[in-house]
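Read the structure below first, then the notes.
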């Protein structure tokens, strides 16, 4: 039987909570559907993103869920369709199916193994080399991640294609009432996010006018007790937990600055989201962040809490600098669009049609 000319997208991401990887997968998928209406989307039955599934016209196949669906039901279905090209956008792919393109957003599990459970880390360390080996091409989100993948897995650069993130339409400046001036951070307890450095740097600030608002989940059971104590005894730090996109847009729009001192990001979307809401950005001069932000951010060393504190002080005390960063931020986000990313992916798809 000849190979099918159909193209399928693995839409298992619609069964998962919306974090950065799922947002990327959805936005690229919506644009693919726009630019190539005949493309098909296939998913397990336990979808949680119902509106998105409807917008993509998803076909539900198989009876399993999770990895079992991806490794067993999905390849079986594809073979029944003549083994068409499969596009995987969310870090995982069926290992025993080789007519595929696979996306690897970053390899944090190799660089920061302590952030991941033994089970997760082992699964990814075993599966990733095989995913790469059995894919026609590998997609990733930045030149930085491309270099990382090529270096760690010893693959030729021409086998890896950069299809970057972009900012979703709902991120734009919103009217806001700011009861008190604040710096904003979006963080989790992962070592790579440098949550410790952020809190330590804030406690060194020379000014007392600003609060630090932190969006993200903080599980006190797993947190360093010293860090929890530091946060709980500093009335200037507010932990906001998880928030909706609408609330996040409002927080970005009202912040004096967005602070992102992360050690390791494959792309780092929050700085772009902040810039889309007219918020000046302080970012780490590490990993993909200088590539993504260019000259539009104020940079700090994530390894030096004094430097993080210094850049916060500098930005708070210079409205002129803040305004210049807002303008540069607006220009920076124009470099990225989901439509352009999908169009880049379509070029790759057409090589194998």
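Here are 123, 53: which of them is buried (at least 16 other Cβ atoms within 10 Å of the Cβ) and within 22 Å of the chain's Cα centre (by Cα)?
53
Filter the range 175-189 down to residues that are under 14 Å from the mean Cα position of the chain (by Cα) and either at pLDDT 95 or above or in a loop (DSSP other than H, G, I, E, B) (or both), then give me how many there are.
Total satisfying the criteria: 2.
Could you check the range 217-241 and list, in sequence order, the residues that are modelled with pLDDT of 85 or more and touching a strand residue (DSSP E or B) at 6+ places or on another chain (Cβ under 7 Å)?
Residues satisfying the conditions are 236, 237, 238, 239, 240.
State whether the residues of the range 307-317 include one that is outside any helix (DSSP H, G or I) and more than 30 Å from residue 159 (Cβ to Cβ).
Going through the range 307-317, the residues outside any helix (DSSP H, G or I) turn out to be 317.
Subsequent filtering for residues that are more than 30 Å from residue 159 (Cβ to Cβ) retains 317.
Yes: one or more hits.
What tally of residues in the range 258-296 results from selecting those that are assigned to a loop (DSSP other than H, G, I, E, B) and farther than 21 Å from residue 146 by Cβ?
Residues in the range 258-296 being assigned to a loop (DSSP other than H, G, I, E, B) and farther than 21 Å from residue 146 by Cβ: 7 in total.
Yes or no, residue by residue, for (1) in a helix (DSSP H, G or I); (2) assigned by TED's automatic domain parsing to the domain that holds residue 314; (3) farther than 27 Å from residue 318 by Cα; (4) in contact with a helix residue (DSSP H, G or I) (Cβ under 6 Å, 6 or more places away or on another chain):
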| site | (1), (2), (3), (4) |
| --- | --- |
| 201 | yes, yes, no, yes |
| 208 | no, yes, no, no |
| 235 | no, yes, no, no |
| 247 | yes, yes, no, no |
| 250 | yes, yes, no, no |
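Among the listed residues 298, 346, identify the single one that is more than 16 Å from residue 141 (Cβ to Cβ), in the same structural domain as residue 138 (by TED's automatic domain parsing) and within 23 Å of the chain's Cα centre (by Cα).
None of the other options fit; the residue is 346.
The values are calculated or read from the model by the stated rules, or taken from the named source; none is laboratory data. Here the structure is a predicted model, which is why all the values come from computation and not from measurement. When we count neighbours, we look across all protein chains shown, and the Cβ atoms used for this are built from the backbone with ideal geometry, even at glycine.
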